[in-house]
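S.K.: Mind looking over this structure? Questions follow.
Here, each number is a calculation from the coordinates, and none is a lab measurement. As the structure is a prediction and not an experimental result, all values here were calculated from the model. A quick note on method: Cβ atoms are made from the backbone with ideal geometry, for glycine too, and the neighbour counts reach across all protein chains shown.
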């Protein structure tokens with residue numbers, strides 16, 4: 001079966017816009033049943049036509065736009081059922097990147113999510129009855145196309161909150177609203193380390209991102225439907241349907257062009273930074289040499305001054321001993337000007 005490569009932003013977005021498919025994939029990732037899933041309004045464009053994107057931004061000034069391409073971050077409001085049977089609302093934030101330079105973007109976006117007023121809700125204290133606003137828990141999911149070398153061989157990394165009593169190390173678990181609102185859980189899908197021999201249902205599902213399944217056309221992945229658990233086959237069928245969408249294929253070509261430009265730009269920036277470092281090092285070297293020359297010149301001046309003082313003392317001693325000035329001048333190779341300068345004659 002041939003499917004479109006979901007590592008591409010436009011394909012990933014197409015995949016996640018199907019509520020049933022998104023619910024299946026996200027449930028498998030967070031390990032909890034998702035009862036309801038709402039696709040939240042997006043603030044970022046993935047248009048590759050500058051004029052069209054700019055026009056859309058003018059129609060809606062809240063949309064953030066950068067020339068050429070902006071990458072989708074997909075957010076969901078999810079009602080989940082926890083292991084204890086409790087139902088609660090969380091925000092699931094999904095970000096995907098092929099570029100190593102996107103860490104700043106990830107942090108910036110997370111910060112903006114924590115600040116959103118609509119992600120707060122009223123709660124009532126059980127003890128005092130006081131009402132106050134608490135933040136909805138945020139679950140961050142990152143799909144990384146470049147991989148984390150520090151976790152080589154680990155295809156899926158889970159970050160979980162561990163709440164402990166500092167005195168004795170006892171795990172006491174999350175309670176109330178404070179900790180869930182300020183310390184988020186997360187999943188990192190380390191895409192380059194997704195390999196064959198997938199060990200779990202989750203890894204089998206995530207094999208749709210395994211770039212080892214690419215054909216000569218990087219837009220297409222070859223997968224076997226029977227390798228996927230029946231429950232999760234709607235995911236690959238959605239990607240199979242995407243392969244018939246000509247508009248998506250055109251946008252993938254545009255995305256390739258953009259990423260090529262971005263990689264070239266990053267290389268130019270890296271080269272420029274190296275040159276700047278080299279220039280700075282050369283400047284520091286010249287400054288050190290200049291300072292060294294100053295120190296050396298001062299040492300020479302002090303040495304000459306000391307020698308002159310010693311010579312003056314010697315002349316005074318010779319004069320006191322009654323040695324004629326002419327003899328002193330000849331022996332010490334000094335002239336009359338030197339004698340006058342040092343008040344040895346009048």
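S.K.: Full extension from residue 178 to residue 115: what is 0.36 nm times the residue separation minus their Cα-Cα distance, to one decimal in nm? Don't skip to the answer; put the middle values down first.
M.R.: On the way: separation 63, 0.36 × 63 = 22.68 nm, distance 1.49 nm.
Gain on stretching residue 178 to residue 115: 21.2 nm.
S.K.: Quick check: pseudo-label points 7 Å beyond the Cα along Cα→Cβ at residue 330 and residue 160, how many nm apart are they?
M.R.: With each label placed 7 Å out from Cα toward Cβ, I get 10.4 nm.
S.K.: Using 1/(1 + (r/R0)^6) with R0 = 30 angstrom and r between the beta carbons of residue 259 and residue 227, what's the FRET efficiency to the nearest 0.05?
M.R.: Calculated transfer efficiency: 0.55.
S.K.: What's the center-to-center distance, using Cα atoms, between the range 184-206 and the range 230-300 in Å?
M.R.: Measuring centre to centre over Cα atoms gives 27 Å.
S.K.: Applying 1/(1 + (r/R0)^6) with R0 = 41 Å to the Cβ-Cβ distance of residue 200 and residue 294, what FRET efficiency is obtained, to the nearest 0.05?
M.R.: Computed FRET efficiency for residue 200 and residue 294: 0.05.
S.K.: Continuing with this model, one more query. Could you tell me what percent of the DSSP beta bridges with both partners in the chain are antiparallel, to the nearest 5?
M.R.: Beta bridges within the chain, antiparallel portion: roughly 65 percent.
S.K.: Another one. Could you point to the label whose value was computed as log10 I(q)/I(0) by the Debye sum over Cα atoms at q = 0.08, 0.10, 0.14 Å⁻¹ for the structure here, given [x] -0.43, -0.67, -1.28; [y] -0.54, -0.76, -1.20; [z] -0.44, -0.64, -1.06?
M.R.: [y]
S.K.: A further question follows. Please give the helix 246-320 orientation as an angle from the longest Cα principal axis of the chain, in degrees from 0 to 90, rounded to the nearest 10.
M.R.: 20 degrees
S.K.: Under a point spin-label approximation (7 Å from Cα along Cα-to-Cβ), what is the residue 281-residue 20 distance to one decimal in nm?
M.R.: Calculated label separation equals 6.0 nm.
S.K.: Against the longest principal axis of the chain, how steep is helix 103-115, in degrees 0 to 90 to the nearest 10, with axes from Cα atoms?
M.R.: That works out to roughly 60 degrees.
S.K.: Counting each DSSP H run of 4 or more residues in the chain as -39500 (n - 2.57), what helix-only mean residue ellipticity at 222 nm follows after dividing by all residues, to the nearest 500 deg cm²/dmol?
M.R.: One gets -14500 deg cm²/dmol as the mean residue ellipticity at 222 nm.
S.K.: In percent, how large is the relative contact order of the chain, given Cα pairs closer than 8 Å and 6 or more residues apart?
M.R.: 18 percent
S.K.: Relative to the longest principal Cα axis of the chain, at what angle does helix 50-59 sit, 0 to 90 degrees, rounded to 10?
M.R.: 80 degrees
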